[in-house]
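This report concerns only the one structure given below.
The values are calculated or read from the model by the stated rules, or taken from the named source; none is laboratory data. The model shown is predicted, which means the values in this text are computed figures rather than measured ones. Note that each Cβ is placed from the backbone with ideal geometry, even for glycine, and that neighbours are counted across all protein chains shown. Areas reflect the complete protein model, heavy atoms only, side chains present, ligands, DNA and RNA absent. Shrake-Rupley method; radii C 1.70, N 1.55, O 1.52, S 1.80 Å.
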Protein chains: 2
Amino acid sequence: MAKPVVPEDARRRRRPTRQGVVLSERLIVDTALRMLREHGSAGLSARRLGAALGADPSTLYRYFDGMDGLTLAIGEELIGRGLDGWSATGLWRSDLRELGLRIHGAYLAHPQAAVLTASRVTGRPREIAADEAVLGILRTAGFPDPEAVQIYHAFIDQSLAFAALDAGALALSEASRLSDEQQWESTYARLPADEYPHIAATGRLLAARMNHSAYPVALDMLLASAEARLQALRGR
Amino acid sequence: MAKPVVPEDARRRRRPTRQGVVLSERLIVDTALRMLREHGSAGLSARRLGAALGADPSTLYRYFDGMDGLTLAIGEELIGRGLDGWSATGLWRSDLRELGLRIHGAYLAHPQAAVLTASRVTGRPREIAADEAVLGILRTAGFPDPEAVQIYHAFIDQSLAFAALDAGALALSEASRLSDEQQWESTYARLPADEYPHIAATGRLLAARMNHSAYPVALDMLLASAEARLQALRGR
DNA sequence: GTCTTATGCCAACACCATTGACCTTATCTC
DNA sequence: GAGATAAGGTCAATGGTGTTGGCATAAGAC
């Protein structure tokens, strides 16, 4: 890298932009989030972000290691927002449920951004804080370490994976505004019933369900299975 | 669209390329898959694909509605490969397990391609065939329609979501070749133990587990929970 | 053998990320 | 306060990208 990036907390001299804006990592990420919301997930580019900030595009490279670095910072911001204000109650199952829904929800609050970041593991501080919280809940609940680690892994990946998937659907369907009915008409309803009997038989139910996230159901199934396992462990 | 795309089965005149290649949707998708494997998920471009096929980049627009259409076709191909050769045994739980692992595996066989496609729902024939199969297994097993639809949705989305997430990790870690040990060193191991006691306590277990997919565990938990629900339904 | 038109090719457009050289000015030292 | 240092802004250029409109040629219908 020709121009090494200075870490945010080591930054001393903040020279204002020609247009008078004083930049910061924070300001850039927030502006990027707003641009993503307004122009869609393909609407973020160094040039446009620079223009929105009143700065030359190349300035961004003083703050992030390329667009990819900026993407990771956005992901870190989202996961942090999910965690903000959360605290454990001591009831492991509802704590986990709450945490999962918060993380998922934080990403879905910015679908266009989530599409870019949700399937990226960053290893940054706030992401690690989430990991620590989940492991803590499970170990405190009485899961032995091997089980705790196994369930933690399934839980956290499930949350992020669904966030990415659901964000994709959300960002897309907002782009092409089709009503639920139209969605149904355009896909399942016109399938031949003799070739796809099961889809035909459950058509209405499918149409009603496929427009929502499956994450809450999948999460509850994971938690139910974890609880059964814990009781089996206690029983013997 | 200025130049409407002719559907593959309506194609009559197949004029060979200047370099003697006869194009087809099939050939283009297969070539794209090979390019993705060799050059990574960012290595697919109209120009490079054209060069690899011995054709002008703009020719691709006769076959696909832009690069996005090509991406969807690639996804359809992958899910089809997962289904090829599969048939139901009648044991619903192992059938679902097998199907999930096959779909997940088909995507992970081409991680660089899966990154682009796994979180995209195409509504194309082979994807719908997978939906029909899953619904069929659940309804035949005795799940009432509302339950069947609910579990189907969680199952299929979870499979695709994990495929996308795991593909991302796989495509990335192949790019930056770090051994498992190094991965561990570079992230968890250097965290202060007093601030992250749970991560510190389970460090070795985490390091061993995080390099594999959590999908099998998550899948088995979903199936276990489904089975419990089925027994509860039968019981009353 | 002639006609039609599907399909491949060419040239051009507007965008993109990234980099290296340059210059200005905020901050540190004395 | 004066001067030195270099952080952090700007400019210009490079080589990439998807996509389109116009053109020409050969494949297949008759």
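Taking 7 Å steps out from each Cα toward its Cβ at A:A51 and B:V21 produces label points 3.6 nm apart. Each listed q (0.28 Å⁻¹) maps to a log10 I(q)/I(0) for the stretch A:1-64 from the Debye sum over equal C-alpha point scatterers, namely -1.31. From its DSSP helices (H runs of at least four residues, each -39,500 (n - 2.57)), chain B gives a residue-normalised ellipticity at 222 nm of -21000 deg cm²/dmol.
Please compute, over every Cα-Cα pair in the stretch A:97-236, the percentage with a separation greater than 25 angstrom. Here the long-distance tail beyond 25 Å is 43 percent of all Cα pairs in the stretch A:97-236. Think of the stretch A:87-235 as having a plus end and a minus end, set by charges on the Cβ of Lys, Arg, Asp and Glu; of A:H198, A:A130, A:S159, A:A130 sits farthest toward the positive end of this dipole.
Ordering B:R124, B:R62 by accessible surface, largest first, gives B:R62, B:R124; the 1.4 Å probe counts only protein heavy atoms, with every chain in place. Annotation for A:Q19, label-to-label distances across the other copies: 4.4 nm (shortest first, one decimal, point 7 Å from Cα along Cα→Cβ).
Applying the Karplus relation 6.51 cos²θ - 1.76 cosθ + 1.60 with θ = phi - 60° to the stretch A:68-81 yields 3J(HN,Hα) values of 5, x, 4, 4, 4, 5, 5, x, 4, 4, 5, 5, x, 4 Hz, where x marks Gly and Pro. Couplings for the stretch A:29-36, taken from phi via the Karplus curve 6.51 cos²θ - 1.76 cosθ + 1.60 with θ = phi - 60°, read 4, 4, 5, 4, 4, 5, 4, 4 Hz in order; Gly and Pro are left as x. Altogether, the Stokes-Einstein calculation at 10 °C and 1.306 mPa s, with the Kirkwood radius of the protein assembly as shown over Cα pairs as Rh, returns a diffusion coefficient of 66 µm²/s. Neighbouring Cβ atoms from other chains, within 10 Å of the Cβ of residues in A:111-122, number 2 on average. Round to the nearest 10 and give me the degree value, 0 to 90, for the angle of helix A:215-235's Cα axis relative to the longest principal axis of chain A. Between the helix axis and the principal axis of chain A, the angle is about 60 degrees.
Taken about its Cα centre, the stretch B:89-235 carries a charge dipole of about 240 debye when Lys and Arg each add +1 at the Cβ and Asp and Glu each add -1 at the Cβ. Here the dipole of the stretch B:1-64 is about 260 debye; that uses its Cα centre as origin and unit charges on the Cβ of Lys and Arg (positive) and Asp and Glu (negative). Counts of other chain beta carbons within 10 angstrom of each beta carbon in peptide A:64-75 average 0. Remark: label point of A:G105 defined 7 Å out from Cα along the Cα-Cβ vector; separations to the same position in other copies 3.9 nm, ascending.
Under Stokes-Einstein, with the Kirkwood radius over Cα pairs as Rh, the value for chain B at 37 °C and 0.692 mPa s is 160 µm²/s.
Under 1.5 on a/c is rounded, so check that first for the stretch B:1-115, then, if it is not, pick prolate when a/b is larger than b/c and oblate when it is not; a ≥ b ≥ c are the square roots of the alpha carbon gyration tensor eigenvalues. Since a/c reaches 1.5 and a/b is larger than b/c, the shape of the stretch B:1-115 is classed as prolate.
Summary for B:A193: label point 7 Å along Cα→Cβ; distances to the equivalent points in the other copies, ascending, 6.7 nm. Per residue of A:129-142, other chain Cβ atoms within 10 Å of the residue Cβ number 3 on average. Rounded to the nearest 20, the size of the Cβ-charge dipole of the stretch B:26-157 about its Cα centre is 400 debye, with Lys and Arg at +1 and Asp and Glu at -1.
For chain B, the residue among B:P16, B:Y107, B:Q231 whose Cα projects farthest onto the positive side of the dipole built from Cβ charges is B:P16. Considering the options B:A46, B:G69, B:G85, tell which one lies farthest towards the positive end of the dipole of the stretch B:1-131, charges being +1 on Lys and Arg and -1 on Asp and Glu at the Cβ, about the Cα centre. Value: B:A46.
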